[in-house]
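The values are calculated or read from the model by the stated rules, or taken from the named source; none is laboratory data. Because the structure is predicted, anything quoted here is derived from the model rather than measured. A quick note on method: Cβ atoms are made from the backbone with ideal geometry, for glycine too, and the neighbour counts reach across all protein chains shown. Accessible surface areas use protein heavy atoms only, side chains included; no ligands, DNA or RNA. Shrake-Rupley method; radii C 1.70, N 1.55, O 1.52, S 1.80 Å.
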Amino acid sequence: MKNRGATVLAILVAALLILPLVVHDTFVLRVLTEGVMWIGLAIAFDVIAGYTGYLNFGHGAFFGIGAYTIGILMMQANLPFWAALPLGGVAAAVVALIAGIPTLRLKGAYFAIATWALSRAIQQLALNVEFTGGPDGMRLDAFLNPQFFYYLMLITVGGTFAILWYLLERAPFGLKLKAIREDEEGAKALGLNPTKLKMQSFILSALPTGILGGIYAYWITFIDPSSTLGDLVSDQAVVMVVFGGMGTLFGPALGAILIFAFKTLFWAYLSDFQLLYLIILGALIAISVIFIPNGLWGTMFKRKADAARPQHQTEPASEPAALSAVAAPEEGN
Amino acid sequence: MAEPILKVNSVTKCFGGLTAVDDVSFNVAKGEIVGLIGPNGAGKTTLFNVISGYYAPTKGNVIFEGNDISGKPPYHLAGVGIGRTFQVVKPFAGLTVLENVTIASFLKHPKKADAVRHAWQVLETTGLADRANVSAAGLTLAGRKRLEISKALALEPSFLLLDEVVAGLNPTEADRTVELIMKLKAQGLTILIVEHIMRVIMNISDRLVVLNFGKKIAEGTPSEVSSDPHVVQAYFGEEAA
Ligand SMILES: Nc1ncnc2c1ncn2[C@@H]1O[C@H](COP(=O)(O)OP(=O)(O)OP(=O)(O)O)[C@@H](O)[C@H]1O
Ligand SMILES: [Mg+2]
């Protein structure tokens, strides 16, 4: 199973690498580039959402901040793309650090609401200040080379995947994040500092997202508050991850591919029904949560642990205390 | 008495108007098993939470191995050698038993492979090795209590706080846990244990500290304490005294 998985992965990577040599259609290449970008956005989102258990409804803000940072640095500070790009990631990471201090204290729905509100505030800010171009957005110098952007996206997302795979699935860090997700108070007793781990996770989620935003800006050559800082980036990341399987890397990647393929087909053939697309997206979240809580990936590759879960066993009766005067302890206090 | 590893000095913990722990002082010597007993709501778990860093004491302090640890966060105290279990068990339900214990092993074994190896050893000692790959949510109550002990032990602590790890088990399971506790004592671990089951607490404790309504009402060997009129009164009520 493990070897077969590695083989499939190797074939997939090889196919992605040689694709532009075979496919010359610009539209197809463009769709593939964006598909790869969504894989990156989904896995980065899952670091904080799936592994750490903090559903960030403002993920799109990191993407937009990366995009605007590159736009502003290239167009107003005349920085070359390669100098600006890492700074897009750094800007997103710094915002994660600042936003994380108040929001990562919140739990569950409160964190989701707070991050959503913050991302709306950032969008409003971009609409109302001058150096972003306000609602008119910002145009970047065009560099029209579809192959270049395809490979840049592929390498960035592939590199992100590899680093996240190492940190989350191989190194202790991933298990520590899951401990925070499962029981923050209990994790403290085991020597884990939840504040520090959550912050590291949030930054690790923001950094590649900012870089992807930067590549997107240079690639599309035009950014505005609704395309890069709107709800759609966050919403789609949520759907991709929940549908694909939270707390894994392959799940969100699979979710990203399927949802993005669906979106592309939908917009190609049913572009008059944009509202319907959002309705379907919303329905898909609800259906995934109810019927496949582990997502597609989690359901397809059901964990050994669950398969081995024992049948319901009756709780042992509590032992009668030797001194009957001592009340039998209740579970809980 | 050997040198104390833990000193609880006049610790008071209030929740709003309620004084859950009221000016409690006692010492625990190295290698000792001290039982902390008292009726429901006496403040035993609250005192555990103060010692393990979950609450800062309202008054007083806690000295561990010569250092004032009052108000230090739990993750820091785990690092200096204090391991604890939770009365209301806290398994990482979505993870396997092995993963649960591996997370605790990271404290002393930062490399994952070492931590996993160490976790296996702990599971062998606590008798959970055959459940290693089961989801923690799938354990019985006895299993979950054992997992609590396993996680605390994986920290390789010098001082262990056990909060009702025997309560709720059937007699066979209870005996196994008692056996394990005695084995840990033999290895030199110092243990402070809360337990309602008298047969157990009287047998394993070197000394007992008795709380009632947050106050310490007695301290001494099990036989001294069980004949203390204050204790009898606390447990049996006015008429018996
Ligand atoms: N976080 C809290 N906030 C407010 N009151 C609390 C809190 N924790 C405990 N208490 C109260 O403090 C008192 C002592 O509770 P504690 O849990 O320490 O008792 P206990 O001796 O462990 O009892 P049991 O044997 O039932 O476990 C109780 O009255 C309880 O309701
Ligand atoms: Mg208690």
Worksheet item: How many angstrom separate the Cα center of segment B:180-241 from the Cα center of segment B:101-170?
Response: 26
Item to complete: Sort the protein assembly as shown into rounded, prolate or oblate with this rule: let a ≥ b ≥ c be the square roots of the eigenvalues of the Cα gyration tensor; rounded if a/c is under 1.5, and if a/c is not under 1.5, prolate when a/b is larger than b/c, oblate otherwise.
Response: prolate
Discussion item. What does the net charge come to around A:Ile257 if you take all other residues with beta carbon closer than 12 Å to its beta carbon, with K and R at +1 and D and E at -1?
Written reply: 0
Discussion item. Buried accessible area between B and A (1.4 Å probe, both chains summed, ligands and nucleic acids excluded), in Å² to the nearest 100?
Written reply: 4000
Worksheet entry | the protein assembly as shown, dipole about Cα centre (Lys/Arg Cβ +1, Asp/Glu Cβ -1), debye to the nearest 20 | 1040
Worksheet item: Taking a probe of 1.4 angstrom, what is the accessible area of A:Tyr166 in Å², to the nearest 10?
Response: 130
Fill in: Charge dipole (debye, nearest 20) of segment B:1-140; +1 at Cβ of Lys and Arg, -1 at Cβ of Asp and Glu
260
Practice prompt. Determine the shielding of peptide A:189-200 by partner chains: average, over its residues, the number of Cβ atoms on other chains within 10 angstrom of each Cβ.
Written response: 6
Worksheet, complete the sentence: Heavy-atom accessible area of B:His230, protein chains in place, probe 1.4 angstrom, given in Å² to nearest 10, is 110
Practice prompt. Name the residues whose placed amide hydrogens come within less than 5 Å of the amide hydrogen of A:Ile292, ignoring near sequence neighbours (fewer than 5 apart) on the same chain.
Written response: none
Discussion item. From the phi angles alone, apply the Karplus equation (6.51, -1.76, 1.60; θ = phi - 60°) to segment A:125-133 and give each ³J(HN,Hα) in whole Hz, x where the residue is Gly or Pro.
Written reply: 4, 4, 6, 10, 9, 7, 5, 8, x
Worksheet item: Going down the list A:Lys196/B:Lys72; B:Lys7/B:Lys216; A:Lys107/B:Lys112; A:Lys188/B:Lys185; A:Lys188/B:Lys72, which pairs span over 19 Å between their C-alpha atoms?
Response: A:Lys107/B:Lys112; A:Lys188/B:Lys185
Discussion item. From the phi angles alone, apply the Karplus equation (6.51, -1.76, 1.60; θ = phi - 60°) to segment B:53-67 and give each ³J(HN,Hα) in whole Hz, x where the residue is Gly or Pro.
Written reply: x, 6, 10, 7, x, 5, 9, x, 8, 10, 10, 10, 6, x, 10
Worksheet item: Which one of A:Val13, B:Gly94, B:Gly71 has its Cα pushed farthest toward the positive end of the charge dipole of the protein assembly as shown, where Lys and Arg give +1 and Asp and Glu give -1 at the Cβ?
Response: A:Val13
Fill in: Area accessible to solvent at A:Trp267, 1.4 Å probe radius, in Å²
90
Practice prompt. Mind jotting down the distance between the C-alpha centroids of segment B:48-99 and segment B:22-46, whole Å?
Written response: 15
Practice prompt. Express in nm, to one decimal, how much length is gained between A:Tyr269 and A:Val90 on full extension, taking 0.36 nm for each residue of separation and deducting their alpha carbon distance.
Written response: 60.6 nm
Worksheet item: Taking a point 7 angstrom from the Cα of A:Phe301 along the C-beta vector, which residues in segment A:156-171 have backbone N less than 19 Å away?
Response: A:158-171
Worksheet item: Quick one: putting +1 on the C-beta of Lys and Arg, -1 on the C-beta of Asp and Glu, what dipole do you get for segment B:65-207 around its Cα centre, in Debye to the nearest 20?
Response: 240
Worksheet item: Per residue, what accessible area does segment A:1-76 have, given a 1.4 Å probe and all protein chains present, in Å²?
Response: 43
Item to complete: Would you calculate the separation in nanometres between label points at A:Leu97 and A:Phe291, each defined as 7 Å from the Cα along the Cα-to-beta-carbon direction?
Response: 4.5
Worksheet entry | Solvent exposure ordering (accessible area, 1.4 Å, most first) of B:Ser25, A:Ser205 | B:Ser25, A:Ser205
Practice prompt. Among A:Leu168, A:His24, B:Ala115, pick out the residue whose Cα is farthest towards the positive end of the charge dipole of the protein assembly as shown, where Lys and Arg carry +1 and Asp and Glu carry -1 on C-beta, about the Cα centre.
Written response: A:His24
Practice prompt. Can you tell me the FRET efficiency between A:Val28 and A:Glu169 if r is taken as the Cβ-Cβ distance and R0 is 25 Å, rounded to the nearest 0.05?
Written response: 0.20
Discussion item. Suppose the chain between B:Lys7 and B:Glu124 were pulled fully straight at 0.36 nm per residue; how much longer would it get relative to their current alpha carbon spacing?
Written reply: 38.9 nm
Practice prompt. Count, for each residue of A:175-187, the Cβ atoms from other chains sitting within 10 Å of its Cβ, then give me the mean as a whole number.
Written response: 6
Worksheet item: If contacts are Cα pairs under 8 angstrom and at least 6 residues apart, what is the relative contact order of chain B in percent?
Response: 25
Worksheet entry | Estimated D of chain B in µm² per second, where Rh is the Kirkwood radius over Cα pairs and Stokes-Einstein applies at 37 °C, 0.692 mPa s | 179
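Let me check something: with ligands and nucleic acids excluded, how do A:Asp46, A:Asp141 order by accessible area (1.4 Å probe), largest to smallest?
Details: A:Asp46 0, A:Asp141 95 Å².
Solvent-accessible surface, decreasing: A:Asp141, A:Asp46.
Evaluate the relative contact order of segment A:25-231 (contact order divided by residue number), counting alpha-carbon pairs under 8 angstrom at least 6 apart; express in whole percent.
Rounded, it is 44 percent for segment A:25-231.
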Discussion item. For B:Thr96, what residues show an amide H to amide H distance below 5 Å, using hydrogens built from the backbone and excluding near sequence neighbours?
Written reply: B:Ala136
Item to complete: Mind listing the long-range amide H neighbours of B:Gly38? Cut-off is under 5 Å, sequence gap 5 or more, other chains count too, H placed in the peptide plane at 1.01 Å from N.
Response: B:Leu211
Worksheet item: What's the carbon and sulfur percent of the protein assembly as shown's accessible surface, probe 1.4 angstrom, rounded to a whole number?
Response: 62
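So in chain B, what percent of DSSP beta bridges are antiparallel if you round to the nearest 5?
55
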Worksheet item: Once Lys and Arg get +1 and Asp and Glu get -1 on their Cβ, which of A:Gly214, A:Ser201, A:Ser226 lies farthest toward the positive end of the dipole of segment A:178-243?
Response: A:Ser201
Item to complete: Work out the mean other chain Cβ neighbour count within 10 Å for the residues of B:149-160 and drop it here as an integer.
Response: 1
Worksheet item: Pick from B:Asp22, B:Asp130, B:Asp68: which residue has the top mean-square fluctuation in a GNM of chain B where Cα pairs under 10 Å get a spring?
Response: B:Asp130
Item to complete: Calculate for chain A the 222 nm mean residue ellipticity that helices alone would give, adding -39,500 (n - 2.57) per DSSP H run of length 4 or more and normalising by residue count, nearest 500 deg cm²/dmol.
Response: -23000 deg cm²/dmol
Practice prompt. Let me know the shape class of segment B:159-241, please: from the alpha-carbon gyration tensor, a ≥ b ≥ c as square roots of the eigenvalues, rounded when a/c is under 1.5, otherwise prolate if a/b is greater than b/c, or oblate.
Written response: prolate
Worksheet, complete the sentence: Listed by chain and number, the aspartates and glutamates with an alpha carbon less than 20 angstrom from that of A:Lys176, same-chain partners under 8 positions apart left out, are A:Asp46, A:Glu184, A:Glu185, B:Glu99, B:Asp114, B:Glu148, B:Glu156
Practice prompt. Compute the whole-percent fraction of alpha carbon pairs in segment A:25-231 spaced more than 24 Å apart.
Written response: 41
Worksheet item: Accessible area, 1.4 Å probe, largest first: how do A:Ile180, A:Ile163 sort?
Response: A:Ile163, A:Ile180
Worksheet entry | Of B:Val116, B:Val209, B:Val62, the one that fluctuates the most in a GNM where chain B has Cα springs shorter than 10 Å | B:Val116
